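Only one structure is covered here, and it is reproduced in the block below.
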Amino acid sequence: MVSIHTRFAAAIVAVGLTFGSVFVVAAPATAHDDLISSDPGEGESLAVAPESVTLTFSGDILPMGAAVVVADGDGRDWVVGEPERRDNVVTVTLEPDMPEAGYEVRWRVVSEDGHPISGLIPFTIGDAEPLERAAAEDTALDTPDDETSTQSQSTQESAGAMRLVLIGAGGAALAVAAFALLSLIRRRKTGTDDGT
């Protein structure tokens, strides 16, 4: 016959595994993705004009809301067409014959947890000086537009709802385990009392 201590230990292990699986599944949803590399790289000085810009992120990028601008000192955008997204990589094609100058890649994407992230990557072509701009200057990519914001909010709400479901499931599993443990203890106690 299995002792009450063995059953109690088994119940504790089951509860621990339940909570562990809930937090392992829910934890990645709370972490934002980051830009891990770019081509050109930050501050890179290129001998010739690039044909494209590639951004690589730590996680998959959602299809909506990706925007990339490659601006010169006059604010001209040298990007041709829309950004191409493949998993965690975003690529834009550039116009040919970019002159020697300082440039700035201004990007914004929506990470897989539904949060928009953005950043700046300065680079130069030839012997040009890096692009300088006022700190307060609006890059037009720091804040998502209304449509992107709405889509991102919807995605965030979905992710939040999923986390609540997972946490609720963990709580329910804990309640069931606690109820089963209490029932086992009562039955064991009742059996002991009957035997005396």
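Values computed for the structure shown
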read-out: Full-stretch length increase - Ser45, Asp74 - with 0.36 nm per residue and alpha-carbon distance subtracted; value: 8.5 nm
read-out: Residue order for Leu120, Leu62, Leu94 - accessible surface, 1.4 angstrom probe, largest first; value: Leu120, Leu62, Leu94
read-out: ³J(HN,Hα), Karplus 6.51/-1.76/1.60, whole Hz, each residue of the range 114-130, x for Gly, Pro; value: x, 9, x, 10, 8, x, 10, 10, x, 8, 10, 10, x, 9, 5, 7, x
read-out: For Glu44, distant residues with modelled amide H under 5 Å away; value: Thr124
read-out: Radius 12 Å from Cβ of Asp60, net charge of other residues (Lys, Arg +1; Asp, Glu -1); value: -2
read-out: From phi via Karplus (6.51, -1.76, 1.60), per-residue ³J(HN,Hα) for the range 79-92 in Hz, x at Gly/Pro; value: 6, 10, x, 8, x, 9, 10, 9, 6, 9, 10, 10, 10, 10
read-out: Within the range 46-72: backbone nitrogen closer than 13 Å to the Ser37 label point (7 Å, Cα to C-beta); value: 54-58
read-out: Protein-only accessible surface order, largest first, of Asp72, Asp60 at 1.4 Å; value: Asp60, Asp72
read-out: Amide H contacts under 5 Å for Ser52, placed H, 5+ residues apart; value: Leu94
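The values are calculated or read from the model by the stated rules, or taken from the named source; none is laboratory data. All figures in this text were calculated on a predicted structure; none of them were measured in a lab. Neighbour counts are summed over all protein chains in view; Cβ atoms, including those assigned to glycine, are modelled from backbone coordinates with ideal geometry. SASA here: full protein model, heavy atoms, side chains in, ligands and nucleic acids out. Shrake-Rupley method; radii C 1.70, N 1.55, O 1.52, S 1.80 Å.
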